[in-house]
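In what follows, a structure is listed as structure tokens, so that the remarks can point back to it.
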Amino acid sequence: MLLKDKVAIVTGAASPRGLGRSTAKLFAENGAKVVIIDLNEEASVLAAKELGAEHLGLAANVADEKDVERAIEQVIAKYGRVDVLVNNAGISQPLKIMDIKRANYDAVLDVSLRGTLLMSQAVIPFMRKQKSGSIVCISSVSAQRGGGIFGGPHYSAAKAGVLGLARAMARELGPDSIRVNCIAPGLIQTDITAGKLSDEQRLNILTGIPLNRLGDAIDVARAALFLASDLSSYSTGITLDVNGGMLIH
């Protein structure tokens, strides 16, 4: 088991068909004690219970510093350490550039980018004490190609910010043996995308994907497992594309 006895936090992991939930499940199957952090406490607790009694579900707004601090205090109180953080929490809004208002910008940037910063800041001191740790940040192909299917320009900006933040953290934290890497998923079939593509849209999208299929949450989860585990022990500051070849360049 690749994560035996490791403590792994996955944010935004309560949604039944989301990337976070699939990642949490795969981590648990590989021996990790998993902490699910999401806005909805009931959903987080239920999701953790489905994984098993040794796992933990907590409620926190990743964009709220006090919420994050309280959550990590509970993690340390229960397990005494943090080995892996997956910064998965994020929201998407399909808006055009002139339709983006301050509230839209703040909502998207706060969760994806500020949340990644605050969660990372909260676990880094414990990883430094351990002289080990892996932080996995979920970005998006929309950050690389300048726009996606379900996210507006502010979503692309937030996810591009995640790429830059992760690379900067990788440089700074390397001497502490803390690795920081990103995953850039393409179009993945989740609760967010379910029922929103017409047959014509789907066909048009598939013509641009060499593997000729949309991604599944497990595709991203497997990439997260690779980056969280010692299989990627000499990788830091990388962006791992999980998009079926959509962004071959």
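The values are calculated or read from the model by the stated rules, or taken from the named source; none is laboratory data. In this text, all values refer to a predicted model and were calculated from it rather than measured experimentally. As a convention, Cβ positions derive from the backbone with ideal geometry for all residues, glycine included, and neighbour counts pool all protein chains shown.
Considering segment 225-235, and only residues there that are assigned to a loop (DSSP other than H, G, I, E, B) and out of contact with any Leu (no Cβ under 8 Å at 6 or more places or on another chain), the residue that is surrounded by the most Cβ atoms within 10 Å (Cβ to Cβ) turns out to be Ser233. Within segment 237-249, residues that are outside any loop (DSSP other than H, G, I, E, B) and modelled with pLDDT of 95 or more sit with their Cβ atoms under 7 Å from residues that are crowded, with 17+ Cβ neighbours inside 10 Å and among the hydroxyl-bearing types (Ser, Thr, Tyr), at 6+ positions apart or across chains, in these pairs: Thr239/Ser139.
Taken over segment 144-156, the criterion of being surrounded by fewer than 24 Cβ atoms within 10 Å (Cβ to Cβ) and in contact (Cβ under 8 Å) with a residue 12 or more places away in the chain is satisfied by Gln144, Arg145, Gly148, Ile149, Phe150, Gly152, Pro153, His154, Ser156.
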